[in-house]
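Below is one structure, written out as structure tokens; comments come after it.
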Amino acid sequence: MNIVVCVKYVPDAQAERTFNASDNTTDRDNVDGLLSELDEYAVEEALKIVEAGEGEVTVLTVGPAQAADAIKKALQMGAHKGVHVDDDAIHGSDAVATSLVLAEAIKKIGNEAPVDLVVTGMASTDGTMGVVPTMLAERLGLPAVTFASELTIDGGAGGTATIHRDGDASTQTITATLPALVSVTDQINEPRYPSFKGIMAAKKKPVEKWALADLGIDPSQVGLDAAWTKVEAFAARPPRSQGEIVPDEGDGGRKLAAFLTEHKFV
Amino acid sequence: MKTSTPPPFDPNDPAGIDDLLSADEKAVRESVRQLCAQRVDPYVADWFERGTIDDIRGLTKELGSLGVLGMHLEGYGCAGMSATEYGLACLELEASDSGLRSLVSVQGSLAMFAIWRWGSEEQKTQWLPPMAAGEAIGCFGLTEPDVGSDPGSMRTRARRDGDDWVLDGRKMWITNGSIADVAVVWAQTDEGIRGFVVPTTTPGFSAPEIKHKQSLRASVTSELVLDAVRLPADAVLPEVRGLKGPLSCLNEARFGIVWGALGAARSSLQAALSYAGERTQFGRPISGFQLTQAKLVDMSLEYTKGSLLALHLARRKDAGTLRPEQVCLGKLNNVRESLEICRTARTILGANGISLEYPVIRHMNNLESVLTYEGTVEMHTLVLGQAITGQSAFR
């Protein structure tokens, strides 16, 4: 089983996050970054699959030099090797361009040994668009089974991937033939933390660094100038407004229940 | 001169000491913190109140899986981490509870270190791998009911009977004693003080638990009773004679305490800072009052200074240049100041400061033990007094 996990290096959500004043892109320099927490679930799920059978987990990221930390964390958790695509021209890329770079990188990884499964998080914790997995599957011509709260692999590399996708009122069970792309939610597992042996072992694990030229991508296809979307302006979130007071006229309970249902709190 | 904007101020690290740590050191710290957050923090106040740790064997195995037990030792299943990483781990453990850090200190720095440093190859192969994995628990018997700071006057004796050794005596205040699979016991012999590796199933060995503690309640403390405990010739630690044996182990454990005590201080300081921001009196948060700010700033200063000292001593230990007197200096300062931080935090929390709903009184009571064990304030003062003046005031 040859698994590629796509991960993203994101600004720490605990810290104060800002945009660059010059081009309205996310400021990644003046804030501590880390492996997107939603991607930890993807790494964990891939590790569980190979630990239950056999195979290898490759972590792939596209990002600036610091993004190596995201790969390192995944290697410390137990992934076998890393691929880091870093090129100045990628700065400011939107989801469309990101999926292009990821797709070409996965094809290149597949030249060595065919990729049986691509696992991603459900979204990044910074952009939170959640569209890259589907775009990536489209570019690779793979079935996309997304938002998995449970994943079962049957029959190994030539077999199937079956997921549970939890909706508001029902749970779907979806099966795809491998190779396939699966995106996972934060309900799927409890990501491990690196053991000291994992931290030591990660120092010796191979990480390949590729630029756009290695993937045959023309710089004009990516970056801020090629982006289909861009941030025009941003403003700080206004201070939280005062809550709505619902007077109880005998129907307070119903109103409360209606509010909770409407906002999907229950 | 650079004019770029400095990074934002971090109230939890006012001097920015984190910059001095490598990414791997931070990763070690983060893993220990995650284990503690999941496995210890939600339960520890209850353990303290009831005076017992639930599933202590399971917890010890999880600490072993992470790699914490004997983490600074090389080989025999140990993780082979640096002294700095060991210190960071101790800090995170003790930020949860001094009892947890004590379990780890005694296992790794006392029992395992004694075998690793002074044991035979057979002793190391038999005991270190299961101890590193947390499958076997160790304890360390030096202190006796009537013998504390002056271990040279210990009464526990080991005499030869043919090839065998026979041990008689009592040890007191022994962490992990009642749950241990193996005890490293120090005893007087005709050849001076020697160490023995005693499987706790040996006839004549018993370890009743000490009750009625008001400190380190989330930790097992025991008496060791050695009643004609017969051991084979190869039970003795072959590579050391004299007080140097136990003192070398204590030096290891004290180093962990230099860091660990700061964990208790950090937890109390953060609790006080958060409480002061939320508690309103006279129409505003008490963190806005000068007296409270003076307390918080003093606590933060001492925590910062203690952290720098701990890190400096760790770097020296990693470089092989750390002297025992320097460990005394670190233990003396950091436990004393951490206890003061906890006591001050207690006053900021007012009446809530005495409740186990907050971590403060638990840390404060725990540090009363830490202040005394592994060398009292008085002994560390006298050791430093001798080192500074050249005159011994106690021998």
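Just one of B:LEU63, B:LEU103, B:LEU110 is touching a residue at least 12 places away in the same chain (Cβ under 8 Å), within 11 Å of chain A (Cβ to nearest Cβ), of a type outside the set (Phe, Trp, Tyr) and more than 19 Å from B:ALA310 (Cβ to Cβ); which is it?
On the way: B:LEU103 fails: within 11 Å of chain A (Cβ to nearest Cβ); B:LEU110 fails: within 11 Å of chain A (Cβ to nearest Cβ).
Of the residues listed, the single one that is touching a residue at least 12 places away in the same chain (Cβ under 8 Å), within 11 Å of chain A (Cβ to nearest Cβ), of a type outside the set (Phe, Trp, Tyr) and more than 19 Å from B:ALA310 (Cβ to Cβ) is B:LEU63.
Tally time: how many residues in region A:93-129 are assigned to a loop (DSSP other than H, G, I, E, B) and either of a type in the set (S, T, N, Q) or in contact with a helix residue (DSSP H, G or I) (Cβ under 9 Å, 6 or more places away or on another chain) (or both)? Don't jump to the end; show me each part of the working.
Going residue by residue through region A:93-129, those that are assigned to a loop (DSSP other than H, G, I, E, B) are A:93-94, A:113-116, A:122-129.
Going one step further and asking which of them are either of a type in the set (S, T, N, Q) or in contact with a helix residue (DSSP H, G or I) (Cβ under 9 Å, 6 or more places away or on another chain) (or both), we end up with A:93, A:114-116, A:122-125, A:127-129.
Final tally of qualifying residues: 11.
Counting only residues that are in contact with an Asp or Glu (Cβ under 7 Å, 6 or more places away or on another chain), hydroxyl-bearing (Ser, Thr, Tyr) and not assigned by TED's automatic domain parsing to the domain that holds B:GLU252, give me the helices (runs of 4 or more DSSP H) lying completely in region B:1-78 with at least 3 of them.
Details: elements: B:23-39, B:44-50, B:56-66.
Filter on region B:1-78 gives an empty set.
Just one of A:LEU47, A:LEU34 is of a type outside the set (Val, Ile, Thr) and not in a strand (DSSP E or B); which is it? It would help to see each step written out before you state the result.
On the way: A:LEU34 fails: not in a strand (DSSP E or B).
Exactly one residue qualifies, and that residue is A:LEU47.
Residues that are touching a residue at least 40 places away in the same chain (Cβ under 8 Å), in a loop (DSSP other than H, G, I, E, B) and not aliphatic (A, V, I, L, M): does region B:256-270 have at least one?
Within region B:256-270, the subset touching a residue at least 40 places away in the same chain (Cβ under 8 Å) is B:256-270.
If we keep only those that are in a loop (DSSP other than H, G, I, E, B) as well, we get none.
Within region B:256-270 (the criterion being touching a residue at least 40 places away in the same chain (Cβ under 8 Å), in a loop (DSSP other than H, G, I, E, B) and not aliphatic (A, V, I, L, M)), the answer is no, since none of the residues qualifies.
When B:ALA23 is evaluated against the numbered criteria (1) surrounded by fewer than 23 Cβ atoms within 10 Å (Cβ to Cβ); (2) within 11 Å of chain A (Cβ to nearest Cβ); (3) modelled with pLDDT of 95 or more, which criterion, by number, is the only one it fails?
Every listed condition holds for B:ALA23 apart from (3).
If the requirement is being closer than 30 Å to B:SER22 by Cα and under 16 Å from the mean Cα position of the chain (by Cα), which of these qualifies: A:GLY130, A:GLY82? Before you say what the answer is, go through the steps one by one.
Values: A:GLY130 fails: closer than 30 Å to B:SER22 by Cα.
Just one listed residue meets the conditions, A:GLY82.
Residues in region B:362-379 that are of a type in the set (S, T, N, Q) and not in a helix (DSSP H, G or I): how many?
1
Does region B:155-168 hold any residues that are part of a strand (DSSP E or B) and surrounded by fewer than 22 Cβ atoms within 10 Å (Cβ to Cβ), and which are they?
To start, the set of residues in region B:155-168 that are part of a strand (DSSP E or B) comprises B:157-161, B:164-168.
Hits for region B:155-168 are B:ARG157, B:ARG159, B:ARG160, B:ASP161, B:ASP164, B:VAL166, B:ASP168.
Go through (1) over 15 Å from the mean Cα position of the chain (by Cα); (2) modelled with pLDDT of 90 or more; (3) more than 13 Å from chain B (Cβ to nearest Cβ) for A:THR25 and report which single condition fails.
Failed condition: (2).
So which of B:LEU322, B:LEU382 is assigned to a loop (DSSP other than H, G, I, E, B) and not polar (S, T, N, Q)? Walk me through it before giving the result.
Details: B:LEU382 fails: assigned to a loop (DSSP other than H, G, I, E, B).
Result of the check over B:LEU322, B:LEU382: B:LEU322.
Those residues that are part of a loop (DSSP other than H, G, I, E, B) and among the aromatic types (Phe, Trp, Tyr), I need them from region A:136-194; list them, please. Quick ask: steps written out before the conclusion?
At the first step, the residues of region A:136-194 found to be part of a loop (DSSP other than H, G, I, E, B) are A:141-143, A:149, A:155, A:159, A:167-170, A:178-179, A:185-194.
A:TYR193 - this is the single residue of region A:136-194 that is part of a loop (DSSP other than H, G, I, E, B) and among the aromatic types (Phe, Trp, Tyr).
The values are calculated or read from the model by the stated rules, or taken from the named source; none is laboratory data. Just so it is clear, the model here is predicted, and its values are computed rather than measured. FYI the Cβ positions are ideal-geometry reconstructions off the backbone, even for glycines, and counts take in every protein chain you see.
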